[in-house]
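Asks: Got a structure here, written out as structure tokens. Questions coming.
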Amino acid sequence: MRKKSKSQKVYDYIEELVISGEIKPGERLPSEAKLGEILNVSRVSVRAGIEKLSAIGLVSKKKGGGTYVNKPKNENYLSVFTPTLLHNTDYLEMMEIRRALDSLSVQLCAKHITEAGIRKLGAIVEQMTDIEDEYDFFDLDKKFHLLISKYSKNRFLHNIHIIIWDVLQKTLRSNYNTVTKQDRSTDRVEEHRDIYDAIVNKDEDLARIYTVRHLERIIDTFNCEYNEAYLEAKEKEKKKQ
């Protein structure tokens, strides 16, 4: 396991203070000297950790001195803590969460989606038919599922989906591509078309079934691919010994 840097130690400590509510939005952080004393690190490391937190919008320095926890807008509140999810995120765990949340989103979407929403969703599916590159497909896949969560008409649920796709894009893209490379383009498009058709027909149960089936297929594909890669790596390691 890679040793945590001193600046990361500062980052994690302050982040935990905010998440736990020990320091609330609008309140001032302990001084650099105090943080250095608490964590047994230099002020340079403290500043580096604070700079990382400032870059993601969790804190900001104010004129006159001092660093304060930002008061995020409601719609962006969850995204402030996305970096917390980026540490040691497991792809399969993420997909299991998606299986649960996507099935709820698509049921609500089938119930609430408008005609305009249906046209937008259909346009994305049509664009998918002409896409072969996994990088381009990712963008359409993201748009498709986020549009479904948007039309669930549950803002909290939609915000969670935004975070999930943000994590997928920033840290799990290689895992996503591993699965996509094993797909036949016609199969992945048809899975999305089945979900779309169920939504158009306002069939909540069928939409859920197709969505769960789609995500379980992704999980199974990744498991097979991971196991093969793992066995190959083990075999190479044996040959070296």
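The values are calculated or read from the model by the stated rules, or taken from the named source; none is laboratory data. Treat the numbers as computed from the prediction; the structure is a model and nothing was measured. Neighbour counts run over all protein chains shown; Cβ positions are idealised from the backbone, glycine included.
Per-residue answers, yes or no, for (1) closer than 14 Å to Asp141 by Cβ; (2) assigned to a helix (DSSP H, G or I); (3) at pLDDT below 85:
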{"position": "Leu157", "(1), (2), (3)": "no, yes, no"}
{"position": "Ile163", "(1), (2), (3)": "no, yes, yes"}
{"position": "Val167", "(1), (2), (3)": "no, yes, yes"}
{"position": "Val179", "(1), (2), (3)": "yes, yes, yes"}
{"position": "Tyr196", "(1), (2), (3)": "yes, yes, no"}
{"position": "Ile199", "(1), (2), (3)": "no, yes, no"}
{"position": "Arg208", "(1), (2), (3)": "no, yes, no"}
{"position": "Val212", "(1), (2), (3)": "no, yes, no"}
{"position": "Leu215", "(1), (2), (3)": "yes, yes, no"}
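Asks: Could you identify the single residue in Leu104, Leu172, Leu108 that is farther than 23 Å from Ile209 by Cβ and assigned by TED's automatic domain parsing to the domain that holds Asn201?
Replies: Just a single option satisfies the conditions, and that option is Leu172.
Asks: Could you tell me how many of the residues in segment 148-161 are more than 15 Å from Arg99 (Cα to Cα) and crowded, with 19+ Cβ neighbours inside 10 Å?
Replies: Count: 3.
Asks: Do you know which residues across segment 28-48 are outside any helix (DSSP H, G or I), surrounded by 12 or more Cβ atoms within 10 Å (Cβ to Cβ) and either outside the structural domain of Gly65 (by TED's automatic domain parsing) or not small (Gly, Ala, Ser) (or both)?
Replies: Residues of segment 28-48 outside any helix (DSSP H, G or I): 28-31, 40-42.
Checking which are surrounded by 12 or more Cβ atoms within 10 Å (Cβ to Cβ) leaves us with 28-31, 41-42.
Hits for segment 28-48 are Arg28, Leu29, Pro30, Val41.
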